[in-house]
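The values are calculated or read from the model by the stated rules, or taken from the named source; none is laboratory data. Treat the numbers as computed from the prediction; the structure is a model and nothing was measured. Ideal geometry is used to build each Cβ from the backbone, glycine not excepted, and the neighbour counts take in all protein chains shown. Ligands, DNA and RNA are stripped out before the accessible areas are found, and what is left, the full protein with its side chains, is counted by its heavy atoms. Shrake-Rupley method; radii C 1.70, N 1.55, O 1.52, S 1.80 Å.
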2 protein chains.
Amino acid sequence: MCEANAYIIENDEPRLIMEAVDTIEPSDEGLKLVNIFGEQKFVKASIHALSLVDHKVYLKP
Amino acid sequence: MCEANAYIIENDEPRLIMEAVDTIEPSDEGLKLVNIFGEQKFVKASIHALSLVDHKVYLKP
């Protein structure tokens, strides 16, 4: 499986907000994250950068 | 390996612009994509959505 961990970058520090993320798509107020277990999280952020081989997705508020 | 294919969405149609993408990060005029072979591509776009289990990254101009 090629899910990734999602980090939000605040004060130049990445903070883990969700593990095993499958999809990220725009929502009304930012992004909707869904992990491989079907759990959802809404975040006021945009997708900043990816490092897929490292399984990392970086978001910024 | 958990690389993905990058598509740019133009006129509601995704068009493949790079295969086997590892990293995407902001650059001066948009995004720098680097694939697992070390090839680089610069695109005037932002990261719109991800579907990682499907190995797909969607960009928008």
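Every residue, every condition in (1) within 17 Å of residue B:46 (Cβ to Cβ); (2) touching a strand residue (DSSP E or B) at 6+ places or on another chain (Cβ under 6 Å); (3) at pLDDT 95 or above, yes or no:
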| position | (1), (2), (3) |
| --- | --- |
| A:3 | no, yes, no |
| A:20 | no, yes, yes |
| A:24 | yes, yes, yes |
| A:34 | no, yes, yes |
| A:37 | no, no, yes |
| A:41 | no, yes, yes |
| A:48 | yes, yes, yes |
| A:57 | yes, yes, yes |
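As a summary of the residue check, residue A:25 satisfies the conditions (1) closer than 19 Å to residue B:55 by Cβ; (2) open to solvent by 40 Å² or more (accessible area, probe 1.4 Å); (3) more than 7 Å from chain B (Cβ to nearest Cβ) except for the one numbered (3).
Against the conditions (1) of a type outside the set (Phe, Trp, Tyr); (2) surrounded by 15 or more Cβ atoms within 10 Å (Cβ to Cβ); (3) outside any strand (DSSP E or B), residue B:59 satisfies every one except (3).
The single condition among (1) among the aliphatic types (A, V, I, L, M); (2) within 7 Å of chain B (Cβ to nearest Cβ); (3) surrounded by fewer than 17 Cβ atoms within 10 Å (Cβ to Cβ) that residue A:9 does not satisfy is (2). Summed over region B:12-22, the residues that are out of contact with any Asp or Glu (no Cβ under 7 Å at 6 or more places or on another chain) and either surrounded by 12 or more Cβ atoms within 10 Å (Cβ to Cβ) or not hydrophobic (A, V, I, L, M, F, W, C) (or both) give a count of 7.
Filter region B:34-45 down to the residues that are more than 13 Å from residue A:53 (Cα to Cα) and open to solvent by less than 60 Å² (accessible area, probe 1.4 Å) and list them by number. If you could, list the steps in order and put the result at the bottom.
Initially, region B:34-45 is screened for residues more than 13 Å from residue A:53 (Cα to Cα), giving B:39-45.
Residues satisfying the conditions are B:43, B:45.
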